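Since the structure comes first, as structure tokens, the remarks are kept for the end.
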Amino acid sequence: MGVLSFSFFVFWVLEIVAAQVATDPNEVEALNKMIDKWNLRIKLNLTIDPCTPNATWAPENANPRIACDCSSTVCHITHLKMYALDISGEIPQELFVLNKLIDLNLGQNVLSGNIPPEIGQLSNMQYLNFGINNLTGLVPPQLGNLTKLLSLRFGSNNFNGPLPPKLGNLTSLQELYIESSRVSGPIPPELSYLKSLQKLWASDNLFTGKLPDFIGTLTDLKDLRIQGAMLEGPIPSSYGALTKLEDLRIGDLSKEDSSLDFLENLTSLSILSLRNCRVAGQLPDYLSYSANLKILDVSFNLLSGNSPLNFAKVGLSMNVVGTSINANFLQDEKASAMLHCLLGNKSCSTEVPATSFSIKCGGTEQVSASGIKFDDDSETLGAASLYTSSNSQWAVSNTGSFISNPNGPQSIAHTDSQIMETLESELYKTARISPSSLRYYGLGLKNGNYKVELHFAEIQIDDSQSWRGLGRRLFDVYIQLHLLLVCKGERVLRDFNIQEEAGGSKRALVKTFEANVTNTIMDIHFFWAGRGTCCIPSQSTYGPLVSAIHVSKGSDGVGTSKRGKKRVGRLVGIAFGSAAGLMIISSIFYLWWIKESLEHMRVHTDSPRKR
């Protein structure tokens, strides 16, 4: 065969191969209709066959991405990624023509409407992501038809109603992300069939009933997160069988107390957060010997007794009301003075009793147009720390750590954008933030009636039409007259959403309340109860945020109250740290209050929700 003949033969063979590599025409038509409905022609203009080898949209890191299976004479689309492209509109019926799909990623868009029941036709699906969208309606039971699924995400949406029991059919499922999806009702017991599950994120939902016992049978779990999900305790002892757990975060349980006994065999844990779970008893010694444990948060619980001895042996430090002190003795002068002040054992200030205080939360000193001087509050606060103003008129304490984003902003947020609805834009460009609990104390106040002005502006979450505007920051606000002499303060705001109340982001909002000081101390408490999204527009965007505080005395008429006899069993707000990087956040403001009759009565003064 001559050279020309051979060349012609090769060209002829390539033509045949090219002719064979062609996508199912029904899939091509459906895909083009989807692209037009979602206005993606600029980003994905299919001028050639979508399954063409080496097309710009074929690589794994491409976005948008189309990948295919061309093992037969007709190619089929198996991978479709349209991620974080701000796609709006509903899920079109054309999607279900692509019935060979294995991997569908539509996460971080602004899709609306429901997930059509036809989703059950995509029976080859292994990876399905609808997370961070604006989808509504019921979670379709037809998802239970996708029995090959390994990963399912539909968190951060606006569904209603319960989880469908048919999700229990997904026995191959390894990852289930349903956080902030707004599903409600009991967690269906059929999920006990998901024995292959390794990750379950179910925080910030409207579940009812008890924390399920059956989760303890899902023994392949490595990552379990159920915070702010409206569930009741206790933590079942069956969770002691989850010996593969590396990250366990349970929070905000109501009604019944929980025990830490189930932890004894969970030696693989690196992160353990049991915040606000009504955990009672003592910290067990074996936690202090855990080789893998890096972060331990057992704050806002009913714990008592001493910290395990080994914590002290490895050189850990303890914080009382946030400031690092020795774990066994109150040797830190500043912390000790603040402790005695809050207990009422000594005056909080040597100055003449104050009648006002103003704070530029998270920012430097500012004077408003009306002449109010807002004090500097730009100190960086750690996981459990305290800062007292130079004039000793106020103090601020922070508890908690942004566990999933240790390198992100820890205590202060800021923006360069102009703040609307105010003549004091600079007052709102910085804010104090916290992943858990933020408290401001007015100290040495003259007793009487006060007006409390709390200034807010949402400067971290957008209000754009992008997926970045889908975040929801929710937190509670309490105003307590004296945290050590009353069992609970008044919750003045619950599930407070700055953006919603202000009518948008970067808009000023002032909330005004009245308070009656009878013991020279005012406590303003901003508390995250596990509600709201966690990670929109970026990781660890949640928790309390406040821009400024202005407190001024109103009319007199309230005298000092009689102080009953009291005793502190333990008053702890601690953060341990060592060379190994272990962090522990333990119970804060916990006391035993003994009446004059000497009848012992335990009072949990810092539990944010009435139990």
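The values are calculated or read from the model by the stated rules, or taken from the named source; none is laboratory data. All figures in this text were calculated on a predicted structure; none of them were measured in a lab. So basically every Cβ, Gly included, is an ideal-geometry build from the backbone, and we count neighbours across all protein chains shown.
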Where a residue in the range 446-475 is under 13 Å from residue 497 (Cβ atoms) and outside the structural domain of residue 525 (by TED's automatic domain parsing) and its partner, wherever it lies, is among the basic types (Lys, Arg) and not in a loop (DSSP other than H, G, I, E, B), with Cβ under 8 Å and at least six apart | none
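Please work out which residue is surrounded by the most Cβ atoms within 10 Å (Cβ to Cβ), limiting yourself to the range 139-155 and to residues that are of a type outside the set (D, E, K, R) and closer than 17 Å to residue 204 by Cα. Full working, then the answer.
Taking the range 139-155 first, the residues of a type outside the set (D, E, K, R) are 139-147, 149-152, 154-155.
Restricting the remaining residues to those that are closer than 17 Å to residue 204 by Cα gives 139, 154-155.
On the way: 139: 23, 154: 24, 155: 28.
That would be 155.
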Is there any pair linking a residue in the range 53-64 that is at negative phi to one that is not charged (D, E, K, R) and not in a loop (DSSP other than H, G, I, E, B), with Cβ under 7 Å and at least six apart or on different chains, and which?
-> 57/66; 58/66; 58/67
How many residues are without any contact (Cβ under 8 Å) to a residue 60 or more places away in the chain and in a helix (DSSP H, G or I) if we restrict to the range 82-140?
-> 7
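Test residue 323 against the stated conditions and say whether it is surrounded by fewer than 17 Cβ atoms within 10 Å (Cβ to Cβ) and at pLDDT below 80. Show your work before the answer.
On the way: surrounded by fewer than 17 Cβ atoms within 10 Å (Cβ to Cβ): no; at pLDDT below 80: yes.
Against the criterion (surrounded by fewer than 17 Cβ atoms within 10 Å (Cβ to Cβ) and at pLDDT below 80), residue 323 does not qualify.
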Could you please give the count of residues in the range 249-273 that are assigned to a loop (DSSP other than H, G, I, E, B), touching a residue at least 40 places away in the same chain (Cβ under 8 Å) and of a type in the set (A, V, I, L, M)?
-> 1
For the range 439-456, what are the residues that are under 20 Å from residue 398 (Cβ atoms) and out of contact with any Lys or Arg (no Cβ under 6 Å at 6 or more places or on another chain)?
-> 439, 440, 441, 442, 443, 452, 455, 456
Pairs where the first residue, in the range 36-48, is in contact (Cβ under 8 Å) with a residue 60 or more places away in the chain and in a loop (DSSP other than H, G, I, E, B) and the second is surrounded by 14 or more Cβ atoms within 10 Å (Cβ to Cβ) and among the aliphatic types (A, V, I, L, M), C-beta under 6 Å, 6+ apart = none
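Got at least one residue in the range 356-375 being part of a loop (DSSP other than H, G, I, E, B), hydrophobic (A, V, I, L, M, F, W, C), surrounded by 20 or more Cβ atoms within 10 Å (Cβ to Cβ) and modelled with pLDDT under 90?
No - not one qualifying residue is present in the range 356-375.
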Flag for residue 388 being surrounded by fewer than 16 Cβ atoms within 10 Å (Cβ to Cβ), among the β-branched types (Val, Ile, Thr) and either at pLDDT 85 or above or over 28 Å from the mean Cα position of the chain (by Cα) (or both) | no
From 263, 218, 197, 245, residue being over 15 Å from the mean Cα position of the chain (by Cα), buried (at least 17 other Cβ atoms within 10 Å of the Cβ) and within 20 Å of residue 280 (Cα to Cα) | 263
